[in-house]
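Everything below concerns the one structure shown next.
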Amino acid sequence: MNGRPALDVSGLPPIAFKARPTLFWAAIGIVMIESTMFGLLIATYFYVRLSMDSWPPPGISFPGLVLPTVELGLLILSCIPAYFATEAAIRNDVRAVRRNLLLNISLAGIALVLRIIEWRSFNFDWTASAYGSVVWIILGLHTVDFVGAMLITLVLLAIIYAGRFGDKQRGGVDFDSLTWYFAVAIWVPLYVVVYLMPYALQSWRL
């Protein structure tokens, strides 16, 4: 009417999944920022190691491996129901979405409990040494991401069980799975650094 060009978007679908929505690329931006942050923490870990003759420092026990390894397995396993929840959202299958989100949050909850139990076995805190500081920062920041992703899932479940499951909720399930994949994927190198590297570096001397 005013002579300005117009774009007809009437043929576009009301909802998009995977790499098509803008929210996906916003999440990718967050992933890149947080990956850089964790990369810097890993670099700090090895930098601190350069200034010490023994690793971990004297008086600090080597980390246990059983509980963290089981936790890692549970987290990797929890990605399966996260994936199927997205696939169910694409099909608009609310029952399958609920079932898979419940399984995902259950596995995540068990993994979180194991992490807390493992932390209680540490004989050092973040003020003990530079080693203690960097280890606790790595664990603390990842746990913030971990719990944040769980809260997103819990909110989605509450909304879905309240009887709301429209296009926004379907897109939310897709976004929830993406954030969960990142929380699990970034934990793999962090697990290696925090729990395996002390054993690998124990004989390394300057």
In Hz, Karplus ³J(HN,Hα) per residue of the stretch 183-196 (6.51, -1.76, 1.60; θ = phi - 60°; x = Gly, Pro):
4, 6, 4, 6, 6, 4, x, 5, 4, 4, 5, 6, 9, 9
Among 174, 145, 125: highest mean-square fluctuation, GNM of the chain, C-alpha pairs under 10 Å
125
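Restricting to DSSP H runs of at least four residues, report the calculated mean residue ellipticity at 222 nm for the chain, -39500 (n - 2.57) per run over all residues, nearest 500 deg cm²/dmol. Could the numbers behind the result be given before it?
Numbers: 6 runs with 143 residues, N = 206.
Taking each H run of at least 4 residues, the total per residue is -24500 deg cm²/dmol.
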Using a 1.4 Å probe on heavy atoms of the protein chains only, the accessible area for residue 50 in Å², nearest 10, reads 80
From most to least accessible, 1.4 Å probe, no ligand or DNA/RNA atoms counted, 176, 53 line up as 53, 176
With Cβ to Cβ distances under 12 Å as the rule, what net charge do the other residues near residue 148 carry (K, R +1; D, E -1)?
-3
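Cα gyration tensor of the chain, axes a ≥ b ≥ c as square roots of the eigenvalues: rounded (a/c below 1.5), prolate (a/b > b/c) or oblate?
In terms of gyration-tensor shape, prolate.
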Stretch residue 117-residue 32 to full length: gain in nm at 0.36 nm per residue minus the Cα-Cα span?
27.6 nm
Dividing the mean separation of Cα pairs under 8 Å (6+ apart) by the residue count of the chain yields a relative contact order in percent of 33
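What accessible area per residue, rounded to a whole number of Å², is obtained for the chain using a probe radius of 1.4 Å? Spell out each step's value before the answer.
Numbers: 11270 Å² over 206 residues.
Ligands and nucleic acids excluded, the figure is 55 Å² per residue.
The values are calculated or read from the model by the stated rules, or taken from the named source; none is laboratory data. In this text, all values refer to a predicted model and were calculated from it rather than measured experimentally. No Cβ is skipped: glycine too gets one built from the backbone with ideal geometry, and neighbour counts run over all protein chains shown. With ligands, DNA and RNA removed, areas are computed over all heavy atoms of the protein, side chains included. Shrake-Rupley method; radii C 1.70, N 1.55, O 1.52, S 1.80 Å.
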